Structures are given as C-alpha cells and as structure tokens.
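A short write-up of the structure that comes next.
The values are calculated or read from the model by the stated rules, or taken from the named source; none is laboratory data. None of the values given here were measured: they were computed from a predicted structure. The protein model used for the area step is the full one, side chains on, heavy atoms only, and it has no ligands, DNA or RNA in it. Shrake-Rupley method; radii C 1.70, N 1.55, O 1.52, S 1.80 Å.
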Amino acid sequence: MERIDSQALKSILVSKRANIFYLEHCRVLVNGGRVEYVTDDGRRSHYWNIPIANTTTILLGTGTSITQAAARELARAGILIGVCGSNGTPLFSATDHELPICWFTPQSEYRPTEYVQAWLGFWFDEGKRLEAAKLLQKSRLDYVRRHWTSSRFGRPFLADASQLYPVLDNAWDQMASASDGMELLLEEARLTKVLYKIAAQTAGYGAFVRQRAEQASDRANRFLDHGNYLAYGLGATAAWTLGLPHAFALMHGKTRRGALVFDVADLIKDALIMPLAFSSAIEGDTDQQFRQHCVEKLVEAEALDFIIDTLKVIAFSMEKQG
C-alpha cells in the first residue's frame, strides 16, 4: 500500500474542513500510512479511516488510546486533539475538580503572527478589551437572528421573529451601554436564560431549567453539554489557526484557563447547538444521532469560517481604533 505523507494533505484550509470526531473505546493508530481508529468486536477488529486532510478536531473519550505515530501524523495535518470524558463532557480529577477539556495543539509549524500582534495591541487596554467583547456579542446576536428564523435550519425549529427580535434588540441595547466587563457578563447571562426559554417553547419541550452536567437528568441538558464541547473544539481550532493564545480572553476572565476558547464558542453555541439540543430531545435522538446532527449543522452553517472571520474583524478593527 502506498504510504501517504500527511504533510501533503494540507491543501484544504482549516476553516473549510468538514469533520469533527468524537471517539470512545477504541485505539487510534497508523496503519499502512493512514490514521485509523480500531474497535474490537469479540475476536475481530474493525479498522476505520480518519480523513485527516478534512478533519479539524478529534475528541478522545473514555477507553481510548493513541499511538505516538498517530499523534505525530495528526499534528502534521494540523488537527487539534482533545481529551475529554464520556460523550464529550468534561473530565473530573480525583479531587473532583472540573477540567473543562485538555487540548493538545499541533506544534509542528509556526502560526501566523499578524493576528496575535493585532490582538495584543488592544488586549492590555481594559476599555478597548470591553469594546472588543461588545463586537463579539454583536456577532453572536446576529448569528442567532440569522439561524433561528431560517426555514433551512434542517430540524423542526423555527423561532417566532416577533418574539425573538425584540429580545435580541433589547439585549444589544443593554450590552452596547455596558460600562464594564461584569455588566456585560450579567446581560449575557440574562439573555441566555431568555434564549433557553424561547428555544424550549419553539421546540415544544415544555418547562426547562439549565443544570450542570453532573446534575442533569433530562435529555435536553445532556445534549447541550455534548454539543457545547463540539463548539469548544471549533473554538480551539479557530484560535490555533490564527495563532491566538487561549489565555487572552475577552469575556470569561483573564485567570480562567482556556477562556478565549469559551468566548469564541459562544459565537455559535446559542445559534446552532441550543436549537439542535431541544429539537433532538423532542425527536428522541440518541447521543450519537445528536452529535451527528451537530457536526452536519456546524459544517452546513460554515461555523468555523464564521468564528475565524469574526476574530479577524475584531483584531483588525480594534487595531485601527488604536
């Protein structure tokens, strides 16, 4: 079998790649020059190819292992590897301290410098960082507006524009006038609660209360957790693609590890993951079916493109203001 050099597979831009993998109870290895994952069925082993030229993120769940050769090939192809718990939710250490997710970013090449230079040019100025956070939230609201009222969403979900638009308009009015980051965070939290209510009503889910992963007893809460970690995978990929360190966040605080990943994931969580979580819960989807719907929707909506373009706009618009 002809060996495939992973370095020859970089012709697909990261933002145009289509696949996000979540793997459980398997081994990731190199077989005949290809990266594959192996599942065991009794005495038989099944080998499944991972198209590394068209993959952005791989989440390794419970019962997985990866060989050094596979890790090397994934790094060469520019794929982020995330180590997580069951169904893509967080790991918990022996002290029960929540680890949001552990990321291994490819270090086989230098990343572009123009974006991080523009980002750091405003980041140390608290006022400019607040303005950048407002730009982030404006893009987030516009993305919700675009997708929640689109008949092409692909699932039984179509929000009432007469109910949704005033909520988004009022939220932006409050965010635009926020005097500091805490005030902006409080408005964001208030908006999220309202969006949960609208999404539950639109999908016909009934009463809903958001719960932490370890407390969640209903399907919608579980799906929200699973889907959000797919969004975190795209957020981490976007930050790596542009060479932006995860520590230089806009919203989630300068001391929270990987906070920029949570910031940029918020751009797509409400617009794409939240509707899918409620509609899949109503449809009775399995965890695997829900994750597949999420991956398909993230690709169809060009979510990674949107995140990357938004970060570029923020970086360079703030640089011009400086």
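Quick check: Cα centre of segment 33-51 to Cα centre of segment 179-218, how many Å?
Computed from Cα coordinates, the inter-centre distance equals 40 Å.
Gain in length, residue 190 to residue 309, computed as 0.36 nm per residue apart minus the alpha-carbon separation, to one decimal in nm?
Gain on extension, residue 190 to residue 309, equals 40.2 nm.
Taking 0.36 nm per intervening residue step and subtracting the Cα-Cα distance, what contour gain separates residue 182 from residue 169 on full extension?
Gain on extension, residue 182 to residue 169, equals 2.7 nm.
For segment 299-312, in order, what is each residue's ³J(HN,Hα) by Karplus, 6.51 cos²θ - 1.76 cosθ + 1.60 with θ = phi - 60°, in whole Hz (x at glycine and Pro)?
Result, ordered by residue: 6, 4, 7, 6, 4, 5, 4, 4, 4, 4, 5, 5, 5, 5 Hz.
So how much accessible area does residue 20 have, in Å² to the nearest 10, using a 1.4 Å probe?
Accessible area, nearest 10 Å²: 30 Å².
What's the carbon and sulfur percent of segment 108-195's accessible surface, probe 1.4 angstrom, rounded to a whole number?
Its accessible area is 54 percent carbon and sulfur atoms.
What order do 197, 128, 297 take when sorted by accessible area (1.4 Å probe), most exposed first?
Ranked list, largest accessible area first: 197, 128, 297.
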